[in-house]
1. Which pairs turn up if I take residues in region 92-108 that are within 18 Å of residue 9 (Cβ to Cβ) and look for partners that are in a loop (DSSP other than H, G, I, E, B) with beta carbon separation below 9 Å, at least 6 apart in sequence or on another chain?
2. In this structure, is residue 82 surrounded by 13 or more Cβ atoms within 10 Å (Cβ to Cβ) and over 19 Å from residue 43 (Cα atoms)?
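What follows is calculated from the coordinates using simple rules that are stated; it is not laboratory data. Keep in mind the model is a prediction, meaning the values are calculated, not measured. Cβ sites come from the backbone with ideal geometry, for glycine too, and all protein chains shown count toward neighbours.
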């Protein structure tokens, strides 16, 4: 039941992420709102990376960040970033489909050099916060990047402002 609900949400939100990524033109990939924010390309690559974390969340009891590596691939264009996104979504869905329902209450932790940087918590909590809520947070950032560049934003949970305007609603 938990697995089925998470799988439905994962697939629905993957479609929303795809829709958002399809709205990102290559001409805004180097946009960076401040010197400490990521560029649009790095932010999009990070969003794609979150789907990659399903494997470590479901199949490891501890994610040791001092040894963690991730190859975002080519982030110079959205086509390449989308390709990586699709790979990671497919991997995430496969991992969740194979995950035993009874293990969602098993404990999981994130560490750096053996010290907890995310305290141990039930895996279902990690899925909800570290994977899902974290994804939503960064997608919201990406939407602000699009708006700051005068680019239209797709509706993810109903029509966006731009879509409402196109329909003549205000």
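1. As it stands, the answer is 101/1, since those pairs meet every condition given.
2. Here the answer is no, as residue 82 does not meet what is asked.
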